[in-house]
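The structure appears right after this line, and notes come after that.
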Amino acid sequence: MTTADITPTRTAAIPGPATSYQGDIARYWDHEARPVNLRLGDVDGLYHHHYGIGDIDQAALGDPNGSGREERVIAELHRLESAQTDVLLDNLGHVPREATLVDAGCGRGGSMVMAHQRFGCHVEGVTLSAKQADFGNQRALDLGIDGFVRSRVANMLDMPFGTGQVAASWNNESSMYVDLDDLFGEHSRILEVGGRYVTITGCWNPVYGQPSKWVSQINAHFECNIHSRREYLRAMADNRLVPQAVIDLTPATVPYWELRATSSLVTGIEEAFLSSYRDGSFQYVLIAADRI
């Protein structure tokens, strides 16, 4: 795929979502107005739609009662979210500059910008939200990387890429909106043989037995359907994606949630995340798999 192939444009006439549920999700993100993602992204212009991992830098937070504390908390939360993206990109392995990468469920495009900055390659994103796609394309234009980074309004179950054309792809906290067998079948289609797929996701723990009440609250809050860890591994095996790493990031994400629960950006879902992580019913995992 050449640079000319991915020249970004503002959202044009496109087919609507394939199902009523997808239409609901598109409307949810088109009208999403909670300040958390924008406030965090305003720190340095990287706008994420996922959570963070890593230890809190207490020195950076300063005096709990000092002036400017809230701004420092927001900056620290954003640092942890970017650290999460760095871990995802670490697990893509070697990426040539001439490669094309795909972010399925790209949100406002923060992970795509970081991927291009690291690898120098082309990065394509798909989202059901025209508002998100326009935002991501404007950010790429502002950064002068619009010849390399593009967001499109498209269905991640029917992506606008040819078979075997993509070197690596990922879902960063977006796989809970779709059927996993359909999702991994589509990633398997677009990936070249030997290509790498990575997901970071929350999933319910099959050892717990069934989705807990906390998982049900998270589903209701985000209008999604959280899958079990077992479902991820089974659907990958059925679609020629062979896991190379399964990493439990749960302990690494708890500090992020503890800090977020003390900030002005609380949304009311923090207790469900922290309680489910602590009782073992919910996990935060990274799975890296190769297309065979």
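The values are calculated or read from the model by the stated rules, or taken from the named source; none is laboratory data. Just so it is clear, the structure is predicted and the values come from calculations on it, not from any experiment. Backbone-built Cβ (ideal geometry, glycine too); neighbour counts: all protein chains shown. What goes into the accessible areas is simple: the full protein's heavy atoms, side chains included, and nothing from ligands, DNA or RNA. Shrake-Rupley method; radii C 1.70, N 1.55, O 1.52, S 1.80 Å.
Just a yes or no: is a residue in segment 208-217 of a type in the set (Ser, Thr, Tyr), touching a helix residue (DSSP H, G or I) at 6+ places or on another chain (Cβ under 7 Å), open to solvent by 10 Å² or more (accessible area, probe 1.4 Å) and in a helix (DSSP H, G or I)? No: zero hits. Checked against the criteria, Gly120 counts as under 26 Å from Asp290 (Cβ atoms), among the small types (Gly, Ala, Ser) and out of contact with any strand residue (DSSP E or B) (no Cβ under 8 Å at 6 or more places or on another chain).
Kindly provide the set of residues from segment 235-262 that are open to solvent by less than 60 Å² (accessible area, probe 1.4 Å) and among the hydroxyl-bearing types (Ser, Thr, Tyr), ordered by number. Residues satisfying the conditions are Thr250, Thr253, Tyr256. Among the helices (runs of 4 or more DSSP H) confined to segment 223-283, the ones with at least 1 residues that are among the acidic types (Asp, Glu) and touching a Ser or Thr at 6+ places or on another chain (Cβ under 8 Å) are located at 270-279. Just a yes or no: is a residue in segment 119-142 modelled with pLDDT of 95 or more, under 24 Å from Glu32 (Cα atoms) and among the basic types (Lys, Arg)? Yes; the residues of segment 119-142 include at least one that is modelled with pLDDT of 95 or more, under 24 Å from Glu32 (Cα atoms) and among the basic types (Lys, Arg). Val193 meets the conditions (1) open to solvent by 50 Å² or more (accessible area, probe 1.4 Å); (2) closer than 22 Å to Ala288 by Cβ; (3) assigned to a helix (DSSP H, G or I); (4) touching a Lys or Arg at 6+ places or on another chain (Cβ under 7 Å) in every case but one. The failed one is (3).
In the set Tyr232, Tyr208, only one residue is more than 27 Å from Ile25 (Cα to Cα), of a type in the set (Ser, Thr, Tyr) and in contact with a strand residue (DSSP E or B) (Cβ under 9 Å, 6 or more places away or on another chain); that residue is Tyr208. When the residues of segment 119-145 are filtered to those that are open to solvent by less than 20 Å² (accessible area, probe 1.4 Å) and small (Gly, Ala, Ser), the one that is nearest to the chain's Cα centre (by Cα) is Gly125. Asp181 passes every criterion in (1) assigned to a helix (DSSP H, G or I); (2) out of contact with any Asp or Glu (no Cβ under 7 Å at 6 or more places or on another chain) apart from (2).
When the residues of segment 155-171 are filtered to those that are open to solvent by 10 Å² or more (accessible area, probe 1.4 Å) and closer than 29 Å to Ile53 by Cα, the one that is nearest to the chain's Cα centre (by Cα) is Met156.
Just so you know, in segment 256-288 the residues that are of a type in the set (Gly, Ala, Ser) and out of contact with any strand residue (DSSP E or B) (no Cβ under 8 Å at 6 or more places or on another chain) include one that is nearest to Met176 (Cα to Cα), and it is Ala272.
Filtering Thr262, Thr250 for residues that are within 20 Å of the chain's Cα centre (by Cα) and among the hydroxyl-bearing types (Ser, Thr, Tyr) leaves a single hit, Thr250.
For every residue, the table says whether it meets (1) outside any loop (DSSP other than H, G, I, E, B); (2) modelled with pLDDT under 55; (3) among the aromatic types (Phe, Trp, Tyr); (4) open to solvent by less than 60 Å² (accessible area, probe 1.4 Å).
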site	(1), (2), (3), (4)
Arg10	no, yes, no, no
Ala13	no, yes, no, no
Leu40	yes, no, no, yes
His50	no, no, no, yes
Ile56	no, no, no, yes
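Summed over segment 196-207, residues that are in contact with a helix residue (DSSP H, G or I) (Cβ under 8 Å, 6 or more places away or on another chain) and not in a strand (DSSP E or B) total 2.
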